[in-house]
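The values are calculated or read from the model by the stated rules, or taken from the named source; none is laboratory data. These numbers come from a predicted model, not from an experiment. Cβ sites come from the backbone with ideal geometry, for glycine too, and all protein chains shown count toward neighbours.
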Amino acid sequence: MRGGDGLPVAREVVLHAHFQAASTPDGETVFGPTGRLEERQRLLLLDQVKSWCADTRTKVTVKPVIDLNTDLTAPGYAIPDRIREHVILRDRTCVFPWCSRPARSCDIDHVIAYDHHADPDADADAGGRPQPGPTATHNLAALCRTHHRLKTHTAWHYRAVEPGAFQWTSPHGHHYRRDHTGTSRIEPPEGSDQPGVPPPRRP
């Protein structure tokens, strides 16, 4: 099939490219020479993107910059697009230990389960039942469908220890830390009978 200009109709390909940007004293935005392509976590050159954009048949969509240090919240259980995008960009992949499935193809999970029977306006001091698992970026994580089910239906569980960092506990009591640098096992302190318990911090 050909378009009105006699050229083959271009197929639509959606790519998500991320580059570091900095502002110069005169207000100009300068991008770094290399970036990251979400698809397959590939390195990307800025010159490649420039060449793609030079094609008059290329449609380019620039999305607003998202500050990943901001904690976003929403009422109710449903996750708005702006919060979903925040979690995808922060986590990059499924946050289960050693999983590398891209976050954009993952479910967004409430780390602490959302309580559908909680009162959103409850006052704990007055004996109300506040929401234990809010729809907020600090309580959300990207999990592929397989590991989402594993977390839901088995003894695997996890908790958020800081934005984008999670501690997982296996059914046998082993602990793992997962963050943007990858997965690491938390070794038990010397002489401890508990597998995977982190050693106490020194003052």
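The combined condition, being surrounded by 12 or more Cβ atoms within 10 Å (Cβ to Cβ), at pLDDT 90 or above, touching a His at 6+ places or on another chain (Cβ under 9 Å) and of a type in the set (Val, Ile, Thr), is fulfilled by Thr137.
Can you say whether Thr61 is at pLDDT below 95, among the β-branched types (Val, Ile, Thr), exposed (fewer than 14 other Cβ atoms within 10 Å of the Cβ) and more than 20 Å from His180 (Cβ to Cβ), as far as the supplied structure shows? Yes.
When Thr152, Thr137 are checked against the criterion of being outside the structural domain of Ala17 (by TED's automatic domain parsing), hydroxyl-bearing (Ser, Thr, Tyr) and within 27 Å of Ala17 (Cβ to Cβ), Thr137 stands alone in meeting it.
Is it the case, given these coordinates, that Val13 is at pLDDT below 90 and either over 24 Å from Trp168 (Cβ atoms) or surrounded by 13 or more Cβ atoms within 10 Å (Cβ to Cβ) (or both)? Answer is yes for this residue.
Of all residues in segment 65-90, those being closer than 22 Å to Phe31 by Cα and acidic (Asp, Glu) number 2. The test for being at pLDDT 95 or above and among the polar types (S, T, N, Q) holds for Thr154.
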